[in-house]
Amino acid sequence: MVDLESEVPPLPPRYRFRDLLLGDQGWQNDDRVQVEFYMNENTFKERLKLFFIKNQRSSLRIRLFNFSLKLLSCLLYIIRVLLENPSQGNEWSHIFWVNRSLPLWGLQVSVALISLFETILLGYLSYKGNIWEQILRIPFILEIINAVPFIISFWFVFQIFWPSLRNLFVPVFLNCWLAKHALENMINDLHRAIQRTQSAMFNQVLILISTLLCLIFTCICGIQHLERIGKKLNLFDSLYFCIVTFSTVGFGDVTPETWSSKLFVVAMICVALVVLPIQFEQLAYLWMERQKSGGNYSRHRAQTEKHVVLCVSSLKIDLLMDFLNEFYAHPRLQDYYVVILCPTEMDVQVRRVLQIPMWSQRVIYLQGSALKDQDLLRAKMDDAEACFILSSRCEVDRTSSDHQTILRAWAVKDFAPNCPLYVQILKPENKFHIKFADHVVCEEEFKYAMLALNCICPATSTLITLLVHTSRGQEGQQSPEQWQKMYGRCSGNEVYHIVLEESTFFAEYEGKSFTYASFHAHKKFGVCLIGVRREDNKNILLNPGPRYIMNATDICFYINITKEENSAFKNQDQQKRSNVPRSFYHGPSRLPVHSIIASMGTVAIDLQDTSCRSTSGPTLSLPTEGSKEIRRPSIAPVLEVADTSSIQTCDLLSDQSEDETTADEEISSNLEYAKGYPPYSPYIGSSPTFCHLLHEKVPFCCLRLDKSCQHNYYEDAKAYGFKNKLIIVAAETAGNGLYNFIVPLRAYYRPKKELNPIVLLLDNPPDMHFLDAICWFPMVYYMVGSIDNLDDLLRCGVTFAANMVVVDKESTMSAEEDYMADAKTIVNVQTLFRLFSSLSIITELTHPANMRFMQFRAKDCYSLALSKLEKKEREKGSNLAFMFRLPFAAGRVFSISMLDTLLYQSFVKDYMISITRLLLGLDTTPGSGFLCSMKITEDDLWIRTYARLYQKLCSSTGDVPIGIYRTESQKLATSESQISISVEEWEDTKDSKEQSHHRSNHRNSTSSDQSDHPLLRRKSMQWARRLSRKGPKHSGKTAEKITQQRLNLYRRSERQELAELVKNRMKHLGLSTVGYDEMNDHQSTLSYILINPSPDTRLELNDVVYLIRPDPLAYLPNSEPSRKNSICNAVAQDSREETQL
């Protein structure tokens, strides 16, 4: 192929610009021929058409000139009327002849000539073969009526010398209609020239106003002229008459006298009655359509005010209120506008809410699609401060919903590349399509990670939910219950950030260790320092440990009720004198009680880990009962700079399960498990996590729990003989998000002996890709079944399971009534509570409002009181009105929609998603700690307060506590129903202890008044009625006792029926009934979370303390963490360090 470019010599650079202006003589001898292409526009007519019609800018100039001529002609008519002296008499000649001066006549003739010439020229250019179509057009007829008489009078005056013909009346005022027509064309050409489309509403309003003005002006001029032979009205009187007439007032003081003027008024009224209603109807229709679509967001407002755009598939009232309450909870966002871009029509409830003055001034609803540039332009996306794109979680096909979200994100990024994107995605495998987004929240990742941590750190879901919600800690402060006051006040704690050198909290700790800064900041100010970030590093480190030295430019992340900028600091001397009694002083210092205790080396938790402790370090032991005179054990002070010899690197890295095993068991355990990164990830974008793994992957047939294969012959969970209790996950399908449930439970920092077997109870069989991902993890099995089937529950080992996790099914999310999407899940969970009362069940719901149906009791006065408290908090505008529901406070139920606020809050706190992922174990940053928990036992109560616990942890293991999970007895009111419940619960507990003494723990559970055996229930009720008939023969106390026994029997019979049903099914399946705890139903306890409690908070028995533990691998800089021998050669320590003090 010939290279055409090589045949053409390039133009010398120095001659290029000069040749454009002057030409180059050297190129004149070239044989080239210049060809001009006109594209069939080389004729004179086509060139005129191009100038007058096709070219937008030139056509706009012509329209503007024509519009000016029409206005000038109307102005000349008004001048002629004002200069004319009204003549006396009533002759009809006054109608046809007027007094017109010669200069005025000359101007009108000139305007008429130009207008007629332009009209004929445009008619000629637009002629398409039908001459009558051009002639019979109304604008052409009006032009002939207004222009031809002036041209005829001009010819007669100068050719026949008939000067009086210039006074011939011409209805020039009709040019107002031609001006209206020119104005419409001019507006169309204007927007065609600037490449912008104007709304139909603007055009319709313009047409209506111009039509009304033309009607009034025509009526004024017509009445004034026709009354020349009557009352001789001037223009002002005619204007007054027209306004009074058209407004239907009709005073009657000015009326037409001649029949011609009366006929003209009738004609004008008829025209107005026909034309104006049509215009108003079109305007009303457009207004209604605009109300539906939302119109446009003003360009001027977009340039002067700040706004964010919310893109959703369908807008529900719950989603809208969650977004608005969380977004406007921050003071600096009060002046922002929220523009909602949704393809569906506005819901009735949403419309009602947006009419509230608080939201109507700040929220703008636009009906449109994010995939259309026109709608993005309406929302002024290029000027927006941020764009939130939310997925529709109520869709049956969640993958399809993600695909729509991805396209919206791509469209917004293409249209406004500089606009920050905040995207919510449902499936983790779709995350890599939107990696360009500034912030991404994957629903299934967070959901399964929280469910997993709930099994080992109770109520992690509640902890995270409270941290990501904005609250001032005022909830429950008017309640008489003390736990509600403490719980509500601590719920106001949030995560904030500040630069260390600018902080009053942390500035004095520059050059000191992280644990020293965290402990002393909590002791002095009550703030909990949980993480830092270097100025030159994007990674956040949660509790980097005692070796981390604080720099002046570090960004500190802390938990507190409010941020430091909004805090007021009192004089310390006044605070000491007012808050600290003299009886609590120890020595000459004047510190508060918790400060005195902490500063004297008071508390330090004795972990009894003498195996790896340095010989030079102090050895602390608990006091014996006989040595009462010995002083209370002290706590080592937190060092400003960590001592390398005292840091328990071996303790942090060793496996706590290896110290209590024999040599043979240790060898077999080491050969069975290894530590490393999973070799296969089910989706792109999962963060690699160091885990407990098998040396060889398990065959797929061995993963099936209820089916035997050639490798094993077990067909139920009991046959495996697991040492630890099971964790059962009931889900519909084995999605890739379920992988994030397994990883936190198999993380390398979990002790081997505390690893719980995981059983996946799936409605549908998993695919091979998922099995290939989980076959490397130890003690992970699956079973095809449903929680609706009792046999499936018994086969998977529900009778000796520690936790049962129930995931909301996707197929039920699209119910006809939105809130009914959780109906099946709620009923199934209540059935589980009734059948297996000692089972700890963690449930996921779609709608947070349905949490009130968990542990539902219709006649429970305490639950009714909590319901009233929730209503009061909602009326006060609380964003956490549901927080006092006992299932939520205890971490037994949560809704993933409550984490939507995490995405909203990241607009102000861009670090919240990263911190949450680190807490949940979704991301593992080198040097960053992890979330774990420990339980307070009787041996640990000598520590007494939270401040002493804080110091002990910081001085020994480097752990940072962030909260307490507390369980206490529920105080019931003395109503008859509650007394009976308490009595029978006491009886049940007593009987259960006698029947099964080997049970070690109990959990919260619920019951519902249902019975599967009506015959047995009927017999028990007949016997109870016979007892009630004998009541009057006994004394008052005896009657009360019999009444309580009767109610207890009524309830006990139901439990016995359920227990008998379960045992019969277990015998039918060939399962042993040993270990089935059918009577352990403890409902008199409540649990709640205290986030960052005050330093003087007293520790109680069975308190669970949330800890952020330093990364064990951070203390081994020269070792390879992926090698197994680095783990196996570590020195073992006491196993109790991981779970208790």
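The values are calculated or read from the model by the stated rules, or taken from the named source; none is laboratory data. Note that the structure is a prediction, hence the values are computed from the model and not measured. When we count neighbours, we look across all protein chains shown, and the Cβ atoms used for this are built from the backbone with ideal geometry, even at glycine. Only protein heavy atoms, including side chains, enter the accessible area calculation; ligands, DNA and RNA are left aside. Shrake-Rupley method; radii C 1.70, N 1.55, O 1.52, S 1.80 Å.
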- With the condition kept exactly as written, say whether any residue in the stretch 881-894 is of a type in the set (D, E, K, R), under 19 Å from M804 (Cβ atoms) and open to solvent by 20 Å² or more (accessible area, probe 1.4 Å). yes
- Say we look at the stretch 224-280 and pick out the residues that are among the hydroxyl-bearing types (S, T, Y) and outside any helix (DSSP H, G or I); which of these is least open to solvent (accessible area, probe 1.4 Å)? T258
- Query: With respect to N551, is the statement that it is in a loop (DSSP other than H, G, I, E, B) and either under 16 Å from E502 (Cβ atoms) or acidic (D, E) (or both) true?
  - Reply: yes
- Can you tell me which residues in the stretch 775-785 are assigned to a loop (DSSP other than H, G, I, E, B) and open to solvent by 20 Å² or more (accessible area, probe 1.4 Å)? W776, M779
- Residue check, Y720 at pLDDT 50 or above, surrounded by 13 or more Cβ atoms within 10 Å (Cβ to Cβ) and out of contact with any helix residue (DSSP H, G or I) (no Cβ under 9 Å at 6 or more places or on another chain): yes
- Message: Take T901 and tell me if it is closer than 30 Å to R534 by Cβ and open to solvent by less than 20 Å² (accessible area, probe 1.4 Å).
- Response: yes
- Task: Taking only the stretch 470-497 into account, find how many residues are outside any helix (DSSP H, G or I), open to solvent by less than 10 Å² (accessible area, probe 1.4 Å) and in contact with an Asp or Glu (Cβ under 7 Å, 6 or more places away or on another chain).
- Result: 1
- In the stretch 407-441, residue least open to solvent (accessible area, probe 1.4 Å) [restricted to those that are assigned to a loop (DSSP other than H, G, I, E, B) and of a type in the set (K, R)]: K427
- With respect to D347, is the statement that it is modelled with pLDDT of 90 or more and open to solvent by 40 Å² or more (accessible area, probe 1.4 Å) true? no
- Residue ranges of helices (runs of 4 or more DSSP H) in the stretch 867-952 with at least 1 members of a type in the set (D, E) and in contact with a Leu (Cβ under 8 Å, 6 or more places away or on another chain): 900-905
- Quick check: is even one residue across the stretch 936-945 crowded, with 19+ Cβ neighbours inside 10 Å, out of contact with any Lys or Arg (no Cβ under 8 Å at 6 or more places or on another chain) and modelled with pLDDT of 85 or more? yes
- Query: Would a scan of the stretch 837-857 turn up a residue that is of a type in the set (K, R), surrounded by 16 or more Cβ atoms within 10 Å (Cβ to Cβ) and in a loop (DSSP other than H, G, I, E, B)?
  - Reply: yes
- Item | Restricting the stretch 1077-1102 to residues that are farther than 30 Å from L880 by Cα and buried (at least 21 other Cβ atoms within 10 Å of the Cβ), the residue that is modelled with the lowest pLDDT | M1079
- What is the one condition in (1) without any contact (Cβ under 8 Å) to a residue 12 or more places away in the chain; (2) of a type in the set (S, T, Y); (3) under 20 Å from L69 (Cβ atoms) that Y127 does not satisfy? (3)
- Residues satisfying the stated conditions in the stretch 90-118, i.e. assigned to a helix (DSSP H, G or I), open to solvent by 30 Å² or more (accessible area, probe 1.4 Å) and among the hydroxyl-bearing types (S, T, Y): S93, S110
- Does the stretch 442-464 include one or more residues that are in a strand (DSSP E or B) and either within 20 Å of C342 (Cβ to Cβ) or modelled with pLDDT of 90 or more (or both)? yes
- Give the stretch 731-749 a look and list any residue that's within 19 Å of S786 (Cα to Cα) and open to solvent by 10 Å² or more (accessible area, probe 1.4 Å), or say none. E732, T733, A734, G735
- Could you figure out which of (1) touching a residue at least 60 places away in the same chain (Cβ under 8 Å); (2) within 21 Å of the chain's Cα centre (by Cα) isn't true of Q374? (2)
- Task: Of the numbered conditions (1) assigned to a loop (DSSP other than H, G, I, E, B); (2) more than 21 Å from I561 (Cβ to Cβ); (3) in contact with a Ser or Thr (Cβ under 8 Å, 6 or more places away or on another chain), G511 fails exactly one; give the number of that condition.
- Result: (3)
- Message: Given the options V440, V499, name the one that is at negative phi and in contact with a helix residue (DSSP H, G or I) (Cβ under 8 Å, 6 or more places away or on another chain).
- Response: V440
- Message: Can you tell me which condition A821 does not meet? The list is (1) open to solvent by less than 10 Å² (accessible area, probe 1.4 Å); (2) touching a strand residue (DSSP E or B) at 6+ places or on another chain (Cβ under 8 Å), and all the others hold.
- Response: (2)
- Item | Which listed residue, of R47, R80, R57, is under 30 Å from E184 (Cα atoms), open to solvent by less than 40 Å² (accessible area, probe 1.4 Å) and modelled with pLDDT of 70 or more | R80
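For (1) open to solvent by less than 80 Å² (accessible area, probe 1.4 Å); (2) out of contact with any Cys (no Cβ under 8 Å at 6 or more places or on another chain); (3) part of a loop (DSSP other than H, G, I, E, B); (4) of a type in the set (D, E), each residue gets a yes or a no:
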residue: Y285; (1), (2), (3), (4): no, yes, no, no
residue: R301; (1), (2), (3), (4): no, yes, no, no
residue: S314; (1), (2), (3), (4): yes, no, yes, no
residue: L320; (1), (2), (3), (4): yes, yes, no, no
- Message: Checking the conditions here, which among Y365, Y422 is among the hydroxyl-bearing types (S, T, Y) and in contact with a His (Cβ under 8 Å, 6 or more places away or on another chain)?
- Response: Y422
- Quick one: how many residues across the stretch 371-406 are open to solvent by less than 30 Å² (accessible area, probe 1.4 Å) and either β-branched (V, I, T) or touching a Pro at 6+ places or on another chain (Cβ under 8 Å) (or both)? 5
- Message: Could you check the stretch 658-704 and list, in sequence order, the residues that are modelled with pLDDT of 85 or more, within 30 Å of L1071 (Cβ to Cβ) and out of contact with any Leu (no Cβ under 8 Å at 6 or more places or on another chain)?
- Response: L694, K697, V698, P699, C701, C702, R704
- Return yes or no: is L869 touching a strand residue (DSSP E or B) at 6+ places or on another chain (Cβ under 9 Å), surrounded by fewer than 23 Cβ atoms within 10 Å (Cβ to Cβ) and over 26 Å from L1107 (Cβ atoms)? no
